[in-house]
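Read the structure below first, then the notes.
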Amino acid sequence: MKPHRFVRRLSRREAEEIEQLCRRGADARTRRRAQAVRLSAKTYPVPEIADILVCNQSSVHNWLDRFESGGVAALADRPRSGRPPVATVDYRRRLVEAVDQDPTELGYPFTVWTVIRLRAHLARELGVLLGASRVRQIMKEEGLVFKRPKHTLAEKRDSQAFAEVQAILDGLKKKPWHPVPQ
């Protein structure tokens with residue numbers, strides 16, 4: 001039978017830090033790692049720690065190795081590279097510039113920007129197509145506010161005919177209404 005593995009004896013300061021991490025750690029993963037170290041320091045074998053924390057024994061071994069090599073600070077997550085942001089500083093600047101401009105000056109047949117129109121414009125200009133929700137989020141971060149355009153057919157109707165019909169309707173409104181013929 002293989003001998004059980006335990007972490008080295010903790011100093012008083014380390015024990016207090018581990019206890020604090022278990023109770024008020026920055027995130028759940030750090031608290032979980034601290035609990036594994038605490039249980040190991042209390043002579044719980046690795047298989048029992050894995051059962052208690054519902055994880056693999058190899059994970060517990062990795063956490064104990066991290067603690068042994070780097071101390072309490074090593075239990076926190078390491079920085080991750082992640083994907084670089086698609087919306088660069090230049091994208092944000094161009095978005096602000098576009099919102100400040102009249103779309104007709106840029107050759108568009110409309111007078112009001114919408115999120116869909118902005119993202120299409122920036123995709124044409126910069127070759128970067130973001131989702132509408134991301135464009136809205138960037139606009140909010142940049143302090144840009146806009147209203148949704150109200151689409152009416154007012155410019156398409158015959159104003160003289162509309163005025164005549166409106167006069168007839170106004171005249172009908174002023175007459176008393178009698179549901180029963182007199």
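Coordinate-derived values only; no laboratory data. Computed from a predicted structure; not experimentally measured. Because the Cβ atoms are built from the backbone with ideal geometry, glycine has one as well, and the counts that use them run over all protein chains shown.
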(Q) Helix 115-126 against the longest principal axis of the chain: what's the angle in degrees, Cα atoms only, rounded to the nearest 10? (A) 70
**Q.** trypsin sites (Lys or Arg not before Pro) restricted to region 3-112 and DSSP loop, no more than 16 other C-beta within 10 Å
**A.** ARG5, ARG8, ARG9, LYS42, ARG80
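If you average 1/r over all unlike Cα pairs in region 60-115 and invert the result, what Kirkwood radius do you get in angstrom? Mind showing how you got there, number by number?
Numbers: mean 1/r = 0.0629 Å⁻¹.
Roughly 15.9 Å, rounded to one decimal.
Using the Kirkwood radius over Cα pairs, work out the Stokes-Einstein diffusion coefficient for region 44-182 at 10 °C and 1.306 mPa s, in µm²/s as a whole number.
Numbers: Rh = 22.2 Å.
Translational D for this selection: 71 µm²/s.
Take every Cα pair under 8 Å in region 12-75 that's 6+ residues apart, average their separations, divide by the length, and report that relative contact order as a whole percent.
Working: 54 pairs, mean separation 18.6, N = 64.
Contact order relative to length: 29 percent.
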Q | ³J(HN,Hα) computed for each position of region 46-56 - Karplus, 6.51 cos²θ - 1.76 cosθ + 1.60, integer Hz, glycine/proline x | A | 4, x, 5, 4, 4, 5, 5, 8, 6, 8, 7
Q) Between GLN20, THR30, ALA154, whose Cα lies farthest towards the positive end of the dipole of the chain when Lys and Arg beta carbons carry +1 and Asp and Glu beta carbons carry -1, centred on the Cα centre? A) GLN20
(Q) Can you compute the modelled spin-label distance between ALA74 and LEU53, with each label point 7 Å from Cα toward Cβ, in nm? (A) 1.4
**Q.** Label-to-label distance, nm, for residues given as ALA28 and GLN160 (7 Å Cα→Cβ offset)
**A.** 7.3
Q. Any idea how far apart THR104 and ALA15 come out in nm if each label point goes 7 Å out from Cα toward Cβ?
A. 7.9
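Which net charge results for the neighbourhood of GLU164, defined as the other residues with beta-carbon distances under 13 angstrom from its beta-carbon, given Lys and Arg at +1 and Asp and Glu at -1?
Numbers: positive: ARG157; negative: ASP158, ASP170.
Local charge sum for GLU164: -1.
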Q. Against the longest principal axis of the chain, how steep is helix 12-24, in degrees 0 to 90 to the nearest 10, with axes from Cα atoms?
A. 30
Q. By how many degrees, between 0 and 90 and to the nearest 10, does the Cα long axis of helix 89-100 differ from the longest principal axis of the chain?
A. 20
Q.
How are the alpha carbon pair distances in region 12-75 distributed across 10 Å bins from zero to the largest one, expressed in percent?
A. 24, 61, 14
